[in-house]
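J.: To start, I am sharing the structure in question, which I have written as structure tokens.
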Amino acid sequence: MPSLPGFRDFYPADCALRNTVFAAWRSTAQRYGFVEYDGPPLEELELYTKKSGEEIVGQLYHFVDKGERAVAMRSEMTPTLARMVAAQHRDYKKPIKWFSIPQVFRYERMQRGRLREHYQFNCDLIGEASLEADVELIALCIDTLRAFGLNEKDFVIRLSDRQFWVDFLKSKQVPEEKWYEVFQAIDKSERQPREKTTELLGALAEEVLNILEHGAASERLDIVENGLKARGLGDYVKRDFTVVRGLAYYTGVVFEAFDRSGEFRAIAGGGRYDNLLNNLGGVDLPALGFGMGDVVLTELLKQKGLLKPSTASIQAFVVIPDEAFRAEAAGVLQTLREAGIAADMPLSPAKMGKQFQSAEERGATHAIVVDAEIKNGKVAVKTLADRKQDVVELASLVAVLRS
Ligand code: HAM
């Protein structure tokens, strides 16, 4: 039986890739002073229905549990984060800089780059209203992608201003309950025929399309762009008012990362959501963050040849030429493992050639041959790359392998 559509099996090679991605995510977040947190994969349904917006609520995996609670698998991390911070914010110095790598679930229409589960690197900064925080967060998003070897020719951060659109809609006396529809029409304008967007926007169409094509003034975006230039990251961003974000809770500067070729779906997305903590937890704290999924990122890195996980599972393979020395070989193996060296030996009798083949297939750099010499406290160490062999004192074996 195969896995469910949109759900992945992670065979060891896939896990190795995933670990490479997670390691780069973690180390970049830590370089920016972010600390890791986690939350539950199952939450009360209401946490999402309250503020995330129709699009994501329509994609929820939800059910009634045995205790008659309406629950949902997390479709994103932000509501959980808002709930956690609202509950204990007094215990943490501001600004709070937290990251997490949750697996999230969305019942989406299946398409390239969009599955029904994915891992999403989330970085959020809470308790700082200044636009320097927006700069910091976007710089982190850029540096995360740079950590994989991608540069400004490979990807671009499209910067926009949700507040600009809110001010625009207010000036046109559009009632608040209609905003989300307009945002959805703008968000999808690139992927939809112009007539469809015009139809969705109605009386606003001409003016909105003009802004989408020619841009508009935004002091907030000027400040953010200058801040990124000051950090030497100006070439990574481009102003683009079509970005409004699918989620309902954003309030200020918003952004999405795309590959330059335009071939893939969004690599990352985020922005400011200054009212969410108040709406979900009654705590008035400004906040902003982004999420970066593993699916599109991995596709892009594979295409660019930038994802090469090590296939080596061990450093040393203990070869047993004569079963009479199996007990001594096991002793050598244990010594290596206790010294922190990844090592293995054949678990049943095998021909020498077969054992050396196993050593190579497992990615070992050295084969340790345990034969009669062990009685004199010696083993043969063969370097597999050049086939050179040295006889080494058992007492110095670990040091030799470490060097
Ligand atoms: P989002 O734009 O819905 O934002 O998702 C962020 C990223 O997750 C996307 O750019 C994409 O890389 C990935 N992603 C989303 N859906 C899928 C899917 N079905 N399959 C594969 N990858 C996917 C959020 O979720 C916000 N909560 C991010 C955020 C954090 N905003 C503030 N803090």
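The values are calculated or read from the model by the stated rules, or taken from the named source; none is laboratory data. Fair warning: this is a prediction, and the values are worked out from it, not measured in the lab. Note: ideal-geometry Cβ built from the backbone for every residue, glycine included; neighbour counts use all protein chains shown. The area values use the complete protein model at the heavy-atom level, side chains included, leaving out ligands, DNA and RNA. Shrake-Rupley method; radii C 1.70, N 1.55, O 1.52, S 1.80 Å.
J.: When you go through Pro40, Pro102 one by one, which is the residue that is buried (at least 17 other Cβ atoms within 10 Å of the Cβ) and of a type outside the set (Asp, Glu)?
T.: When all the criteria are applied, what remains is Pro102.
J.: Can you confirm whether region 148-160 contains a residue that is of a type outside the set (Ser, Thr, Tyr) and closer than 28 Å to Lys93 by Cβ?
T.: Looking for residues that are of a type outside the set (Ser, Thr, Tyr) and closer than 28 Å to Lys93 by Cβ, one finds none in region 148-160, hence no.
J.: Okay, moving on. Among the residues in region 313-333, are any at pLDDT below 95 and surrounded by fewer than 15 Cβ atoms within 10 Å (Cβ to Cβ)?
T.: yes
J.: Which condition from (1) closer than 24 Å to Ala139 by Cβ; (2) open to solvent by 60 Å² or more (accessible area, probe 1.4 Å); (3) polar (S, T, N, Q) is the one that Asn278 breaks?
T.: Asn278 satisfies all of (1) closer than 24 Å to Ala139 by Cβ; (2) open to solvent by 60 Å² or more (accessible area, probe 1.4 Å); (3) polar (S, T, N, Q) except (1).
J.: Test Leu228 against the stated conditions and say whether it is at pLDDT 90 or above and over 29 Å from Ile96 (Cβ atoms).
T.: It is false that Leu228 is at pLDDT 90 or above and over 29 Å from Ile96 (Cβ atoms).
J.: Considering only region 52-81, state which residues are open to solvent by less than 20 Å² (accessible area, probe 1.4 Å), farther than 17 Å from Tyr249 by Cα and small (Gly, Ala, Ser).
T.: If the condition is that a residue be open to solvent by less than 20 Å² (accessible area, probe 1.4 Å), farther than 17 Å from Tyr249 by Cα and small (Gly, Ala, Ser), then Ala72 is the only one that fits.
J.: Right, next: Just one of the numbered conditions (1) modelled with pLDDT of 95 or more; (2) more than 14 Å from Phe290 (Cβ to Cβ); (3) more than 14 Å from the ligand (Cβ to nearest atom) is not true of Leu159; which one?
T.: (2)
J.: Within region 112-131, count every residue that is more than 9 Å from the ligand (Cβ to nearest atom) and open to solvent by 10 Å² or more (accessible area, probe 1.4 Å).
T.: Number of matching residues: 6.
J.: Looking only at region 162-187, count how many residues are open to solvent by less than 70 Å² (accessible area, probe 1.4 Å) and farther than 16 Å from Asn210 by Cα.
T.: Adding up the residues that qualify gives 8.
J.: A further question on this structure: Just give me the residues in region 82-96 being closer than 18 Å to Tyr250 by Cα and either open to solvent by 10 Å² or more (accessible area, probe 1.4 Å) or near the ligand (Cβ under 9 Å from one of its atoms) (or both), in sequence order.
T.: The answer is Arg83, Ala86.
The rows are residues; the columns are (1) open to solvent by 60 Å² or more (accessible area, probe 1.4 Å); (2) outside the structural domain of Ala82 (by TED's automatic domain parsing); (3) without any contact (Cβ under 8 Å) to a residue 12 or more places away in the chain; (4) not in a helix (DSSP H, G or I).
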| position | (1), (2), (3), (4) |
| --- | --- |
| Thr20 | no, no, no, no |
| Ala24 | no, no, no, no |
| Gln30 | yes, no, yes, no |
| Lys50 | yes, yes, no, no |
